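Written out below as structure tokens is the structure these notes cover.
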Amino acid sequence: MGTGEVKPVSGREAPPPKPRRFYKTVSVADEGGTLCVMLDGKPVRTPLRNLLGTPKRALADALAAEWDAQDPVIDREAMPLTRMVATAIDRIGPEREAIISSLMAYIDSDLLCYRATYPTALKVRQAEAWQPVLDWLHENVGARLTYVEGVMPIQQPKDAASAMKQAIESLSDENLMAFQACAAITKSLALSMALVHRYLDADEVAACAHLDETFQAEQWGEDREALMRQRIIETEIRVIKKYISLLEGDSQS
């Protein structure tokens with residue numbers, strides 16, 4: 001080797017150190033109608049160099065609180081609201097049409113539309129938890145999604161797909177951000193629409209999303225890794241719910 005360089009045994013490079021907090025004060029300032037996060041009087045910018053801000057006071061204050069909590073280092077993983085707002089600004093607006101198209105590609109695989117064939121106890125639990133969501137979706141969005149027992153793929157009716165697309169298109173960029181994030185976690189457009197429109201709260205959405213895993217754990221015992229995944233999902237959905245509440249001016253999560 002000759003250079004005296006010591007390479008890591010695992011072959012993996014160590015993650016870069018988190019930057020230390022470089023600012024003293026965090027505030028919120030109105031920049032042309034947008035409430036922006038300011039560090040020592042200078043605006044925070046998104047990865048694409050847009051101003052990090054929102055017209056919603058409750059959300060702007062929550063963003064500022066995330067930045068103020070970064071001490072002694074800045075950990076972006078600990079700022080989920082900042083990541084969501086930045087994504088909404090940088091990606092949702094400019095890529096809105098492509099994002100909606102990618103979401104619609106999953107309408108035929110919605111979690112709530114594939115029910116168990118057995119055991120009876122699981123079938124009953126799925127019907128009790130999932131069918132009210134599909135009924136709400138039909139009554140409030142106009143999308144009547146059909147379901148099947150088993151895993152054979154189904155294609156949703158064209159009118160249901162059209163109604164779902166219209167409902168997604170009607171969402172603001174900010175709510176579309178929340179909808180997309182929830183769909184990625186739950187694999188369900190129906191659950192995501194129910195969360196965005198506050199038909200279900202975060203814990204109800206999480207319970208529906210891992211209903212099958214919960215049932216299996218009750219029958220055979222908990223799997224530690226599965227339980228950890230469920231808790232991560234629950235935490236992420238609660239953050240999305242908090243984001244939605246703040247968009248509506250509700251400072252309570």
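Taking the condition free of Cβ contacts under 8 Å to residues at least 40 places away in the same chain and either charged (D, E, K, R) or touching an Asp or Glu at 6+ places or on another chain (Cβ under 6 Å) (or both), does GLU174 pass?
Working: free of Cβ contacts under 8 Å to residues at least 40 places away in the same chain: no; either charged (D, E, K, R) or touching an Asp or Glu at 6+ places or on another chain (Cβ under 6 Å) (or both): yes.
The answer is no for GLU174.
Evaluate the following for ALA58: is it open to solvent by less than 50 Å² (accessible area, probe 1.4 Å), in contact with a Gly (Cβ under 6 Å, 6 or more places away or on another chain) and farther than 28 Å from GLU213 by Cβ? Criteria met by ALA58. Only a single criterion out of (1) open to solvent by 10 Å² or more (accessible area, probe 1.4 Å); (2) closer than 30 Å to LYS56 by Cβ; (3) among the small types (Gly, Ala, Ser); (4) touching a residue at least 12 places away in the same chain (Cβ under 8 Å) is not satisfied by ALA161, namely (2).
Note on the range 90-107: residues that are surrounded by 14 or more Cβ atoms within 10 Å (Cβ to Cβ), part of a helix (DSSP H, G or I) and of a type outside the set (Lys, Arg) total 7.
Checked against (1) within 17 Å of VAL141 (Cα to Cα); (2) more than 11 Å from the chain's Cα centre (by Cα); (3) open to solvent by 10 Å² or more (accessible area, probe 1.4 Å); (4) polar (S, T, N, Q), ASN175 passes all but a single condition, namely (2). Within the range 1-19, is even one residue under 26 Å from ARG238 (Cβ atoms), open to solvent by less than 50 Å² (accessible area, probe 1.4 Å) and at pLDDT below 95? Among the residues of the range 1-19, not one is under 26 Å from ARG238 (Cβ atoms), open to solvent by less than 50 Å² (accessible area, probe 1.4 Å) and at pLDDT below 95, which makes the answer no.
Name the helices (runs of 4 or more DSSP H) wholly within the range 193-253 that hold at least 3 residues that are closer than 28 Å to ALA143 by Cβ, of a type outside the set (Phe, Trp, Tyr) and open to solvent by less than 30 Å² (accessible area, probe 1.4 Å)?
Numbers: elements: 202-209, 211-220, 224-247.
Correct list: 202-209, 224-247.
Does ASP71 satisfy being of a type in the set (D, E, K, R) and outside any helix (DSSP H, G or I)? Walk me through it before giving the result.
Values: of a type in the set (D, E, K, R): yes; outside any helix (DSSP H, G or I): yes.
Yes; evaluated as a whole, the condition is true for this residue.
Taking (1) under 16 Å from MET177 (Cα atoms); (2) without any contact (Cβ under 8 Å) to a residue 40 or more places away in the chain; (3) open to solvent by 10 Å² or more (accessible area, probe 1.4 Å) in turn, LYS42 satisfies each apart from (1).
Residue-by-condition table, conditions (1) of a type in the set (D, E, K, R); (2) under 28 Å from ARG91 (Cα atoms); (3) assigned to a helix (DSSP H, G or I):
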position	(1), (2), (3)
PRO132	no, no, yes
HIS138	no, no, yes
ARG144	yes, no, no
MET152	no, no, no
MET164	no, yes, yes
LEU176	no, yes, yes
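When the range 111-125 is filtered for residues that are open to solvent by less than 40 Å² (accessible area, probe 1.4 Å) and either in contact with an Asp or Glu (Cβ under 8 Å, 6 or more places away or on another chain) or not in a helix (DSSP H, G or I) (or both), the ones remaining, listed by number, are ARG115, ALA116, LEU122.
The values are calculated or read from the model by the stated rules, or taken from the named source; none is laboratory data. Please read all numbers here as calculations on a predicted model, not as lab measurements. When we count neighbours, we look across all protein chains shown, and the Cβ atoms used for this are built from the backbone with ideal geometry, even at glycine. Keep in mind that these areas ignore ligands, DNA and RNA; they rest on the heavy atoms of the full protein, side chains included. Shrake-Rupley method; radii C 1.70, N 1.55, O 1.52, S 1.80 Å.
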